[in-house]
1. What distance in nm separates the simple spin-label points at LYS334 and MET161, each placed 7 Å from Cα in the Cβ direction?
2. Let's test the formula: R0 of 35 Å, r as the Cβ-Cβ distance of ARG38 and ARG149. What FRET efficiency results, to the nearest 0.05?
3. Points 7 angstrom from Cα along the Cβ direction at ILE233 and ARG320: gap in nanometres?
4. Quick one: length gained pulling LYS696 to GLN263 fully straight, 0.36 nm per residue minus the C-alpha distance?
5. Calculate, for ARG672 and LEU552, the FRET efficiency according to 1/(1 + (r/R0)^6) with r their C-beta to C-beta distance and R0 51 Å; round to the nearest 0.05.
6. Are any of the pairs LYS467/LYS488; LYS286/LYS550; LYS334/LYS550 more than 29 Å apart by Cα-Cα distance, and if so, which?
7. With the crude spin-label approximation of a point 7 Å out along Cα→Cβ, what separation in nm comes out for GLU645 versus ARG244?
8. List, in the order given, every pair from LYS637/LYS696; LYS31/LYS252; LYS47/LYS417 whose Cα-Cα distance in the structure shown is over 27 Å.
Amino acid sequence: MKYFPDSALVQLEFDKVQALLKEHCKTELGKQMADDLRLHTHIDYVKTALQQAHEYKQLTLLQEHFPNDYVLNLKNELRMLGIQGAVLAEDQIMQLRKLAESMHSIVRFFDHDRRVTYSGLFSVISHTHYEKKITALIDEILDEHGEVRDNATPELAKIRMNLFRKRTELRRAFDRVLSKLSKLGYLADTEEAFLNGRRVVAIYAENKRMVKGIQHGESDTRRTTYIEPEETIELNNDVGALEREENKEVYKILRTLTHSLSQHAHLLNNYHEILGFYDFIRAKAKLALDMDGNYPMLTPHAEANLVNAYHPLLLLYNRRNQKPTIPVNLNLNKDNHILVISGPNAGGKTVTMKTVGLIQLMLQAGLLVPVHPSSQMGIFRQLMIHIGDTQSLEFELSTYSSHLKNMKYFMENANGKTMFFIDELGSGSDPNLGGAFAEVIMEEMAKKHAFGIVTTHYLNLKVMANKVRGIINGAMGFDEENLAPMYKLIVGKPGSSYTFSIAQRIGLQPALIARAKNLVDEGHFQLDKLLNKAEQDLQKIEAKEKELQKLLKENERLKREYEILSDKERKSQQFTTLKLQNQIKEDDLQYLKDMERKMKQIVFEWKRSEDKQKVLKQAEALLFHKRQKQVNERFEKKIQDKYQEVIGSDLKLGDQVKIRSNGQVGKLMEIRDKRGIVKLGNIPMNVAMSDLVLVKERPKEEVKN
């Protein structure tokens, strides 16, 4: 991405975001990538970078471990692999083993499902492979502690065996000397000591001539002399010679191993870069978690539809100080691509502009941005910015001259893929003349289809924003009752500068404010007053809309609660019905058993009796009348147990009544001449009034008895 001027990134504080990103990097390669962060214009590259950071962020939120634990800065070790005849030490080779093992862990992490779920992270290693020969070569020579194995070569095994024997022989000889000198009382210290790589004994200085051997030194007080006994000199020489042979053999083995590993230098360098890149991705995810960064929807065309966008640095600052941050909501598209923001000073115009600019830079650098995920953002090819005092001492330009010089560059180079920001357009000159030039600049940028934000106090720019196609108004909210800025962007209307309100807020004398009002052109003053009133009215409407939304949410909550209660009641009724059905099934089962017993009796009577007609009548009575009679009797008994008739009372609506013909009990809902509507459960039934009798429930004590 091209940007103008050269200080644009610093003015938008992109360098501070880079510094925060670098703090999260653990590897030197990751820190270097943070320093070299570039702004990209290819949507596919940006999309991949955002996806990778988003996937690592999801891993962190899900507390799923990604195996890039080791902080390996192996630039020197890998450089030595490319030098002919270079020899790596044991600890350096073990670091290379950790590098290969880390790569192995990452390859194993990406099973079939994770390759699909975290396709962005998997793409980092899709071009390489894990080579197990690297760890096999190292493990053949070095043990788990990083020491060269005894069996690395036959020569080393032989040397170390001889060395073990000589050291054992030396230790025994030395113990004999210590025992003898201890008995003579010559020893100043019974602990063994080494000087100049030789085993020595500590002798009192007055007895040093009594012990034969080589003197290697004295204590600071000169009361103790360190002597290598004559009996161990030859053995010490033999041990020293064998140790030198061992070192030569180990050096030769490590040189051979280093040469073998150099065959895989390209692959190891690749592993190192991959681990550094994953460290860089992790840093981007950590930064996103700090500043609530998300992955917005990318569009191939120029667009900036921001939903709940926060200035990342302001968000972090306010969070540390436990202060709220007001988000920005705006939509710049092909139809409305230039936003003119007006409103009071210190109301947040410049912060709003910087928020949009910094978020766009972060996006095109592949960083997750503090916006709602539903935001839609496009890719721009160049960014232009003009913020603050831009005097140039080098070219002896005034503020306004420098301003016009920058505007000249804007108008000559802007296009449909340009995002620009101009703070206080037209300032630094006569208001009328500066305002006229500002209109020309705005019209030209609109013709070039450039996207941008302009802040101003000029009334003529607020008016033209409603007339020129592609330019829209916006205002920073101001609470006139409390005389305090709201730091909230309201798109769609211009805003008042609240010049006199702010003067009143800071305590300027009322008489001075009144004199200033008299000096202002009446039309100008009335327009600013009208904008002021419109903004306050809009704030009241928004407050009422919030209250309405609150009531709607409460209504939705009550509706959900009612639905839950209704569902519980329905389930309760279904349970009761099922219970009754089960009871009926139990009664039917008992009835069938009785019927089976009686039918067997009828069959027996049929075979024995000569009067077949009589047996048939008995069977008919049993099958078609007795069951209904039994059911009716049971039902009638239940009704009689629960209810008692009330004789001699007139029936009225709402009474509990019993239908004489079928014994059912219900509520009298309606009376029509000689008929009434009785509700049985949820079913209405039309019954003659003469067939109804008033009933009441028996006391519980009677029902139990």
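Each value in this text was obtained by applying a stated rule to the coordinates, not by laboratory testing. Since this is a predicted model, take the numbers as computed values, not measurements. In this analysis, Cβ positions are derived from the backbone assuming ideal geometry, glycine residues included, and neighbour counts consider all displayed protein chains.
1. In this crude spin-label approximation the distance works out to 8.6 nm.
2. Once the sixth-power term is evaluated, E becomes 0.15.
3. In this crude label model, ILE233 to ARG320 measures out at 7.1 nm.
4. Here the answer is 145.7 nm.
5. Rounded to the nearest 0.05, the efficiency is 0.70.
6. Beyond 29 Å: LYS286/LYS550; LYS334/LYS550.
7. The modelled label-to-label distance comes out at 13.2 nm.
8. Cα-Cα > 27 Å for LYS31/LYS252; rest within.
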